[in-house]
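**Student:** To start, I am sharing the structure in question, which I have written as structure tokens.
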Amino acid sequence: APPRRSDATRAGILAAARERFAADGYERATIRAIAKDAEIDPSMVMRYYGSKEGLFAAATSADLRMPDLTRVPREEVGQVLVGHFLDLWEDAGVLTALLRVGITNQAGAERMRKIFAEQLLPVAREVCPDPDAAPARAALCAAQLLGLALTRYVLRFPPSAALTREEITAWLAPTLQRYLTAERP
């Protein structure tokens, strides 16, 4: 079935909202400005999302669709995660916009922390040899993945942007692998 017009409208509103929240921060971003960016009436934004808070929650939620690592050989976990995150970053820019929102304001940072706690941390707990160390190990993985995303997709450092997918995987996968599965640093 073709996508319904309301789905396209919602997608347009969310894209405009992510951009506006990233550019202006939560406090200064307005429903009116977001509606103008999305080329729709402000009443439509309210109809779909109810309030600025509702719109922010929708615009800053992300399903990382984390792979089931119980089916991945332990020594391939780093490689699978790098490939998975490259797919996510390159798909529609939702996470890139989220990263920009997370950097620019407290509410966005809180959303990023929640996504991390609910979606990346359980993955670390699955494969980490020491469950007590899983939060620190997951944070180290996030530092690598977010650092790459920041330099490649947000700041667009030429050397980072020039790396091929294979080069990124070759460099990053062993690091994530060590963070998640090594006995000790």
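**Student:** Conditions first: (1) modelled with pLDDT of 90 or more; (2) not in a loop (DSSP other than H, G, I, E, B). PRO129 passes all but one, so which condition is the exception?
**Tutor:** (2)
So that you can scan it fast, the table gives a plain yes or no per residue for (1) loosely packed, with under 15 Cβ neighbours inside 10 Å; (2) farther than 18 Å from VAL101 by Cβ; (3) touching a residue at least 12 places away in the same chain (Cβ under 8 Å):
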{"position": "GLY25", "(1), (2), (3)": "no, no, yes"}
{"position": "ILE34", "(1), (2), (3)": "no, no, yes"}
{"position": "PRO42", "(1), (2), (3)": "no, yes, no"}
{"position": "SER51", "(1), (2), (3)": "yes, no, no"}
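**Student:** Can I ask one more? Give all pairs with beta carbons closer than 9 Å in which a residue from region 163-185 that is more than 15 Å from ARG137 (Cβ to Cβ) and part of a loop (DSSP other than H, G, I, E, B) meets a residue that is open to solvent by less than 80 Å² (accessible area, probe 1.4 Å) and basic (Lys, Arg); count only pairs at least 6 apart in sequence or on separate chains.
**Tutor:** Every condition considered, the pairs that remain are LEU163/ARG152.
**Student:** Quick one: which of ALA107, ALA139, ALA124 is among the hydrophobic types (A, V, I, L, M, F, W, C) and surrounded by 19 or more Cβ atoms within 10 Å (Cβ to Cβ)? Show your work before the answer.
**Tutor:** Numbers: ALA107 fails: surrounded by 19 or more Cβ atoms within 10 Å (Cβ to Cβ); ALA139 fails: surrounded by 19 or more Cβ atoms within 10 Å (Cβ to Cβ).
When all the criteria are applied, what remains is ALA124.
**Student:** So, in region 35-56, exactly how many residues are among the hydroxyl-bearing types (Ser, Thr, Tyr) and touching a Leu at 6+ places or on another chain (Cβ under 9 Å)? Spell out the reasoning first.
**Tutor:** Just the residues of region 35-56 that are among the hydroxyl-bearing types (Ser, Thr, Tyr), to begin with: 43, 48-49, 51.
So of that shortlist, the ones also touching a Leu at 6+ places or on another chain (Cβ under 9 Å) come out as 48-49.
The number of residues fulfilling the criteria is 2.
**Student:** OK, next. Conditions: (1) part of a helix (DSSP H, G or I); (2) modelled with pLDDT of 85 or more; (3) in contact with a helix residue (DSSP H, G or I) (Cβ under 9 Å, 6 or more places away or on another chain). VAL101 meets all but one. Number of the miss?
**Tutor:** VAL101 satisfies every listed condition except (2).
**Student:** Any idea which of (1) over 23 Å from the mean Cα position of the chain (by Cα); (2) open to solvent by less than 30 Å² (accessible area, probe 1.4 Å) is the one LEU88 doesn't satisfy?
**Tutor:** If we test LEU88 against (1) over 23 Å from the mean Cα position of the chain (by Cα); (2) open to solvent by less than 30 Å² (accessible area, probe 1.4 Å), just (1) comes out false.
**Student:** Additional query: For region 41-55, does any single residue satisfy the condition of being under 18 Å from the mean Cα position of the chain (by Cα) and at pLDDT 90 or above? Full working, then the answer.
**Tutor:** Start the filter on region 41-55 by keeping residues that are under 18 Å from the mean Cα position of the chain (by Cα), which leaves 55.
Then keep just the ones that are at pLDDT 90 or above; that gives 55.
Yes.
**Student:** Among the residues in region 142-163, are any open to solvent by 50 Å² or more (accessible area, probe 1.4 Å), under 21 Å from the mean Cα position of the chain (by Cα) and of a type in the set (Ser, Thr, Tyr)?
**Tutor:** Taking every residue of region 142-163 in turn, none turns out to be open to solvent by 50 Å² or more (accessible area, probe 1.4 Å), under 21 Å from the mean Cα position of the chain (by Cα) and of a type in the set (Ser, Thr, Tyr).
**Student:** Just the residues that are touching a helix residue (DSSP H, G or I) at 6+ places or on another chain (Cβ under 8 Å) and under 18 Å from ASP68 (Cβ atoms), please, taken from region 116-140.
**Tutor:** Within region 116-140, LEU120, LEU121, VAL123, ALA124, ARG125, GLU126, VAL127, CYS128, ALA134, ALA138 meet the criteria.
The values are calculated or read from the model by the stated rules, or taken from the named source; none is laboratory data. Treat the numbers as computed from the prediction; the structure is a model and nothing was measured. Don't worry about glycine lacking a Cβ; one is built from the backbone with ideal geometry, like all the others, and counts go over all protein chains shown. To get the accessible areas, we keep the full protein, side chains included, count just its heavy atoms, and leave off ligands, DNA and RNA. Shrake-Rupley method; radii C 1.70, N 1.55, O 1.52, S 1.80 Å.
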